[in-house]
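Novice: Dropping a structure here in structure tokens format, bear with me for questions.
The values are calculated or read from the model by the stated rules, or taken from the named source; none is laboratory data. Every value quoted in this text rests on a predicted model; they were computed, and no experiment measured them. Heads up, the Cβs are rebuilt from the backbone with ideal geometry, glycines too, and the neighbour counts pull from every protein chain shown. Heavy atoms of the whole protein, side chains included, go into the accessibility calculation; ligands, DNA and RNA do not. Shrake-Rupley method; radii C 1.70, N 1.55, O 1.52, S 1.80 Å.
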Amino acid sequence: MAYSDKVLDHYNHPRNVGSMDKSDPNVGTGMVGAPECGDVMKLQVKVNPETGVIEDAKFKTFGCGSAIASSSLATEWLRGKTVDEALQIKNTDIVNELSLPPVKIHCSVLAEDAIKAAISDYKGKTGAGKTAETAAAV
Amino acid sequence: MKLPIYMDNHATTQMDPRVFEAMKPYFLDIYGNAASRNHRFGWEAEEAVEKARKQVADLIGATTKEIVFTSGATESNNLAIKGVAQMYAEKGNHIITQVTEHKAVLDTCKHLEKEGVRVTYLPVKKDGLIDLDQLRDAITDKTILISIMYANNEIGIVQPVEEIGKVAKERGVLFHTDGVQAVGKIPVNVIHDGIDLLSLSGHKFYGPKGVGALYVRRRNPRVQVTAQIDGGGHERGMRSGTLNVPGIVGLGAAAAIAKEEMAEESKRLRHLRDKLQDKIVNSLDEVYVNGTMERHLPHSLNLSFAYVEGESLLMGINDIAVSSGSACTSATLEPSYVLKALGAGDDLAHSSIRFGLGRFNTEEEVDYVAGKVIDVVRKLRELSPLYEMAKEGVDLSKMQWTAH
């Protein structure tokens, strides 16, 4: 399969790889996918509680090149957005940006799910004042 | 050293230049139809075909009258299995094969099932081999054929063919083996191994594509197959169609070279394979060898790199041609059914890479491939949430994942 230049760029130079402290109340963690399906994405956002702006985003992904590129791109897009803006990111935006072929659309869906899971984790923490246990394995 | 490096020799091999030289005259100069009995053009073509038939027969310990030329192993497998099922339909309607066969065998069996043939698909053990007791137990008085491959195309294990041949003989059942990965690579002898039908293909051992053969035993017992292609009655009625003379000449030349050089070549490739394996396994943690190395093709290696997905690994080593059992690299988006059959778990199937060394690989290439694989696996593990969790001591098998 031929990869688009943008997928190759993200694969060769993934942005924002890493992990943040899951127990930090300002950090939301989303983990989606399953090893037996061949892809697992972990996406984390760090939100400024005053402004609601995502100040940092990190990812780690087990998956094909398109899955890595989708999550790398997602972290780029998340930074600087408010939590509500972040929820507007659609998988089709990722498909278009990375020129993903039809067989790789599920990678973009997974990235969108990861964004939603991370933000829901963050909201859960602030809203109900819970600690971070849920989202990691949801 | 030239890039990219070809290390996918289970899929196909580069033609040996000596094979190409042998074939050359049969395109422009000696272009007769081997079935033309009344002129020089035909005689020369027939002579070339008969020489090649002898070369192929010699490689597997057969006689020339037992070699039927075909378009390749897929056709040979079809002819063997369908041909026996039809020819021996009055004797029985049960075939035994196993789950890690090539699709050319599995899909042929599935086709026959629709026509009322009963097929038993034996499981394999963790090491990739069939259990001989299960084979014995599966045989009934309706069993007409056992079809078990010689060596597996994905994991390189070599089935206990000689023992299978004995079981088949004891029970009066015919034994077909798909010998595609073994012939020309390791010693295969139809007498010693008790094989009644054997499929082989030219391009897997440095010959041309589009040509293969089916060995059909003539004595003790005399095996017959119903033709699947009707026409001019070529190949003693078993396979009609004008013979592919240049291809057959190439197949013969490849067989002669393989017979001559096999001992030395397999020693050299075994050394390179072991070096590749040692370098990788000694540099990385959690690398798993798929299939037993006790009974294994000398040039073959299948590794699973835990916590790394196969397609992303292939992407990182894109100047090396190998293949992966990852779903993402298959047309069906399913991970390798062969690795799943070993009980490796889907996650390890997704993480597998098959290395297939060949005649033209060098030690320098092996060093390069090992180094590159190690680098890319390390990089991808840095990226892998699974590796991170495993290092933190999380038991991944106990996690609740969101399957999708």
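Novice: Report every pair of residues separated by at least 6 positions or lying on different chains whose Cβ atoms are under 7 Å apart, first residue within the stretch B:384-404 and within 7 Å of chain A (Cβ to nearest Cβ) and without any contact (Cβ under 8 Å) to a residue 40 or more places away in the chain, second open to solvent by less than 60 Å² (accessible area, probe 1.4 Å) and polar (S, T, N, Q).
Specialist: Taking only residues 6 or more apart or on different chains, the pairs are B:385/A:61; B:388/A:19.
Novice: Which numbered condition trips up residue A:5, out of (1) away from chain B (no Cβ under 12 Å); (2) buried (at least 16 other Cβ atoms within 10 Å of the Cβ); (3) within 22 Å of residue B:312 (Cα to Cα)?
Specialist: (2)
Novice: On the basis of being under 26 Å from the mean Cα position of the chain (by Cα) and free of Cβ contacts under 8 Å to residues at least 24 places away in the same chain, does residue B:17 make the cut?
Specialist: yes
Novice: Condition first: within 21 Å of residue A:71 (Cβ to Cβ), within 14 Å of chain A (Cβ to nearest Cβ) and of a type in the set (A, V, I, L, M, F, W, C). Can you find one or more residues in the stretch B:334-341 that meet it?
Specialist: no
Novice: Can you find a residue that is modelled with pLDDT of 90 or more and out of contact with any strand residue (DSSP E or B) (no Cβ under 6 Å at 6 or more places or on another chain) anywhere in the stretch B:318-333?
Specialist: Within the stretch B:318-333, one or more residues are modelled with pLDDT of 90 or more and out of contact with any strand residue (DSSP E or B) (no Cβ under 6 Å at 6 or more places or on another chain).
Novice: Going through B:341, B:390 one at a time, which residue ends up being touching a Ser or Thr at 6+ places or on another chain (Cβ under 7 Å) and small (Gly, Ala, Ser)?
Specialist: Going through B:341, B:390 in turn, just one is touching a Ser or Thr at 6+ places or on another chain (Cβ under 7 Å) and small (Gly, Ala, Ser): B:341.
Novice: Answer yes or no: is there a residue in the stretch B:151-159 that is free of Cβ contacts under 8 Å to residues at least 60 places away in the same chain, out of contact with any Gly (no Cβ under 7 Å at 6 or more places or on another chain) and either within 26 Å of residue B:250 (Cα to Cα) or not basic (Lys, Arg) (or both).
Specialist: Within the stretch B:151-159, not a single residue is free of Cβ contacts under 8 Å to residues at least 60 places away in the same chain, out of contact with any Gly (no Cβ under 7 Å at 6 or more places or on another chain) and either within 26 Å of residue B:250 (Cα to Cα) or not basic (Lys, Arg) (or both).
Novice: Out of everything in the stretch B:224-267 that is basic (Lys, Arg) and touching an Asp or Glu at 6+ places or on another chain (Cβ under 9 Å), what residue ends up being nearest to residue B:31 (Cα to Cα)?
Specialist: Taking the candidates together, the pick is B:239.
Novice: So in the stretch A:56-108, with the set limited to residues that are at pLDDT 95 or above, open to solvent by 20 Å² or more (accessible area, probe 1.4 Å) and within 12 Å of chain B (Cβ to nearest Cβ), which one is nearest to residue A:21 (Cα to Cα)?
Specialist: By that ranking, first place goes to A:58.
Novice: So, in the stretch B:135-171, how many residues would count as being part of a loop (DSSP other than H, G, I, E, B) and closer than 29 Å to residue B:11 by Cβ?
Specialist: Final tally of qualifying residues: 10.
Novice: If you don't mind, there's one more thing I want to ask. Which residue out of B:325, B:316 is touching a helix residue (DSSP H, G or I) at 6+ places or on another chain (Cβ under 9 Å), within 10 Å of chain A (Cβ to nearest Cβ) and closer than 19 Å to residue A:38 by Cα?
Specialist: B:316
Novice: When the stretch A:27-55 is examined, which residues are found to be at the interface with chain B (Cβ under 9 Å from one of its Cβ atoms) and either over 13 Å from residue A:121 (Cβ atoms) or free of Cβ contacts under 8 Å to residues at least 12 places away in the same chain (or both)?
Specialist: Passing the criteria: A:33, A:34, A:35, A:36, A:37, A:38, A:39, A:40, A:41.
Novice: Counting just the residues of the stretch B:89-113 that are more than 25 Å from residue B:133 (Cβ to Cβ) and in a loop (DSSP other than H, G, I, E, B), which one comes out least open to solvent (accessible area, probe 1.4 Å)?
Specialist: Among those that are more than 25 Å from residue B:133 (Cβ to Cβ) and in a loop (DSSP other than H, G, I, E, B), it is B:89.
Novice: What's the number of the only condition in (1) within 23 Å of the chain's Cα centre (by Cα); (2) within 11 Å of chain A (Cβ to nearest Cβ); (3) open to solvent by 10 Å² or more (accessible area, probe 1.4 Å) that residue B:359 fails to meet?
Specialist: (2)
Novice: I'm told residue B:375 meets every condition in (1) more than 14 Å from chain A (Cβ to nearest Cβ); (2) assigned to a helix (DSSP H, G or I); (3) surrounded by fewer than 16 Cβ atoms within 10 Å (Cβ to Cβ) except one. Can you identify the failing condition by its number?
Specialist: (1)
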